[in-house]
Amino acid sequence: MINLNISKKLSGANGELNLQFNTKILPREFVTIYGPSGAGKTSVIRMLAGLLEPDGGHIEVDDNIWFDKEKKINVKPQLRNIGIIFQEYSLFPNMTVRGNLEFALEKNQSKKIVNELLRLTELEQLHDKKPGLLSGGQKQRVALARALIRKPKLLLLDEPLSALDTEMQVKLQDYILQVHQQFNLTTILVSHDLNEVIKMSKRVLVLEEGQIKKDGLPLDVLPLNHLKSFLIR
Amino acid sequence: MLDFEPFYLTLKLALTTTLVLFIICTPIAYWLAFSRSRFKVLIEAFVGLPLVLPPSVLGFYLLLAFSPENSFGKFLEMHFDIRLVFTFPGLVIASVIYSLPFMIQPIQSGFRMVPDALIETAYTLGKSKLTTLIKVLIPNIKTALLTGCILSFAHTIGEFGVVLMVGGNIPKETRMISVAIYDEVEAMNYHQANVYSSILLVFSFLVLVSVYLVNHGTRKTQYA
């Protein structure tokens, strides 16, 4: 169970934004944060990961406090054990595919998981290649596998597929759904792609101007009126 | 007969200086690249001073500092039996200070070129700042490190003002190639001066060629 109640003043292209994010997320839920760019979606992910400090509030994950302004608690990203995937892949160019995965291993952790994940993401053939030689879809599969090495409970995806072509997106969405099930993950996806949101998540938080404006099933909260009436007909 | 001692001494000084610089500059450059401290500007300016100061100014103050007549020099001599003025170790320290920006600046900009997301990814994978520095940052800025080393090495080879002020002109101890050239000209041994100078000229040219080769060859490093 994730209990989130955070605020942060952000300054961006459209002036200042008061981000208020207040919600609860159940274990194994797949939640999407949907909204226009500049609404604060990425900042929420970064605050959850410990890469950005909120101005106030608290973050509680499975009874562990990760952040509490009043109690001056701010757990380092290293200790939060989350998996995170950015849009820009972020693979270490000096390491092979296998090297990227092994880098993520914890001290004394068995290397078995590396082979397992290479197989799951169909990267076995590419295990000794450097990231520079891979296609976008392959790179993002490496990033996905790497994010799962430490067996996190929480997977954060910050528009991970927006740089890929549609065919690749569909394939990777399937991978993500598969690992979400298989690893019993709680997954939070940031996306502004309607197709993706509908396919992936059962619950959508619509974030506009720093506030959660809607919270519910994709077809209920997304701006799909035209599409919906068409489907019903 | 050409005396190769100044060449040998100069190479020894340049190698020692580069090694010392490499060890001390990597952490300083890391701090300068990522710190948000208010004092960063001051440190940056201090580190950059040798770029703008005439070497004789730097040499003069180092000479004063190292001199056993003054407190720092006296302290070293009394407590550690170390004398830095007109000695090889003194020259190394002076050269390190003189070439500081040539090592720090390439490494610092190398660190800045590494995408933040790469560093943050390492943190979210549970890696400490030190592990991230050793396994992610340093291997990905090899070009910058190499450039820093070559530039510091070459800059030390070309020293004159600092070397003369701090080291003087003691054969087999502190008589560097640039000082030897000056000496030969003073003594009107133009042929000798010409031999020394042309070797230095060719050497410096080759160093620069290697810097550009390194840079062109690896500019394509891609962050995936």
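Here, each number is a calculation from the coordinates, and none is a lab measurement. The structure presented is a predicted model; accordingly, all values stated were derived computationally and were not measured. Every residue, glycine as well, gets a Cβ built from its backbone with ideal geometry; the counts of neighbours run over all protein chains shown.
The modelled label-to-label distance for the pair B:LEU51/B:SER35, using points 7 Å beyond Cα in the direction of Cβ, is 1.8 nm.
Viscosity 1.002 mPa s, temperature 20 °C: Stokes-Einstein D of chain A from its Kirkwood Cα radius, in µm² per second? Don't skip to the end; give the middle numbers.
Values: Rh = 18.5 Å.
Translational D for this selection: 116 µm²/s.
For the listed peptides A:203-216, B:178-191, a ranking on the average number of other beta carbons within 10 Å per residue, highest first, reads A:203-216, B:178-191.
Just want to confirm a number: the relative contact order over segment B:5-223, from Cα pairs under 8 angstrom separated by 6+ residues, in percent.
Working: 244 pairs, mean separation 65.2, N = 219.
Result for segment B:5-223 is 30 percent.
Per residue of A:65-77, other chain Cβ atoms within 10 Å of the residue Cβ number 1 on average. Per the Debye calculation on chain B with a single equal scatterer at every Cα and no solvent contribution, log₁₀ I(q)/I(0) for q = 0.12, 0.13, 0.18 Å⁻¹ amounts to -0.75, -0.85, -1.28.
So for chain A, averaging the separation of alpha carbon pairs under 8 Å that are six or more residues apart and normalising by length, what relative contact order in percent results? Intermediate values should be presented prior to the final figure.
Working: 410 pairs, mean separation 61.0, N = 233.
Averaging sequence separation for qualifying contacts and normalising by length gives 26 percent for chain A.
From the C-alpha coordinates alone, can you work out the Kirkwood hydrodynamic radius of segment B:119-163, in Å? Present the calculation step by step, with values, prior to reporting the outcome.
Numbers: mean 1/r = 0.0793 Å⁻¹.
It is 12.6 Å.
Here the spin labels are modelled as points 7 Å beyond Cα on the Cα-Cβ line, and at A:ASP215 and B:VAL209 they lie 6.9 nm apart.
Across the protein assembly as shown the C-alpha pair distances fall into 10 Å bins from zero in the proportions 4, 16, 22, 18, 13, 12, 9, 4, 1, 0, 0 percent. The label point for A:ARG203 and the one for A:ILE73, both projected 7 Å from the Cα toward the Cβ, are 2.1 nm apart. The phi torsions of segment B:134-144, fed into the Karplus equation with coefficients 6.51, -1.76 and 1.60 and a -60° offset, translate into couplings of 6, 9, 10, 5, 4, x, 9, 10, 4, 4, 4 Hz, rounded to whole numbers, with Gly and Pro shown as x.
Taking B:ARG36, B:ARG83, B:ARG112 in turn, the Gaussian network model of chain B (Cα-Cα springs below 10 Å) assigns the largest fluctuation to B:ARG36.
Look at the stretch A:79-87: the mean tally of other chain Cβ atoms within 10 Å of its residues' Cβ atoms is 3.
Where both partners of a DSSP beta bridge lie in chain A, what percent of those bridges are antiparallel, to the nearest 5? Bridges in chain A are about 60 percent antiparallel. Fully extending the segment from A:HIS127 to A:GLN182, taken as 0.36 nm per residue of separation minus the present Cα-Cα distance, adds 17.6 nm. Largest mean-square fluctuation among A:ALA49, A:ALA163, A:ALA39, in a Gaussian network model of chain A whose springs join Cα atoms under 10 Å apart, belongs to A:ALA163.
Evaluate peptide A:99-105: per residue, the Cβ atoms of other protein chains within 10 Å of its Cβ; return the mean as an integer. It would help to have the intermediate numbers written out before the result.
Working: counts 1, 3, 0, 0, 8, 6, 2.
Whole-number average of other-chain Cβ neighbours for A:99-105 is 3.
Arrange A:LEU161, A:LEU172 by Cβ neighbour counts within 10 Å, fewest through most, would you? Could you put the intermediate results ahead of the total?
On the way: A:LEU161 25, A:LEU172 21.
Exposure proxy ranking, most exposed first: A:LEU172, A:LEU161.
Centre-to-centre, using Cα atoms only, segment B:126-153 and segment A:154-203 are separated by 35 Å. Please report the spacing between the Cα centers of segment A:91-129 and segment B:62-86 in Å, no decimals. Taking the Cα centre of each part, segment A:91-129 and segment B:62-86 sit 55 Å apart.
Pairwise inverse Cα distances across segment A:91-151, averaged and inverted, put the Kirkwood hydrodynamic radius at 11.2 Å.
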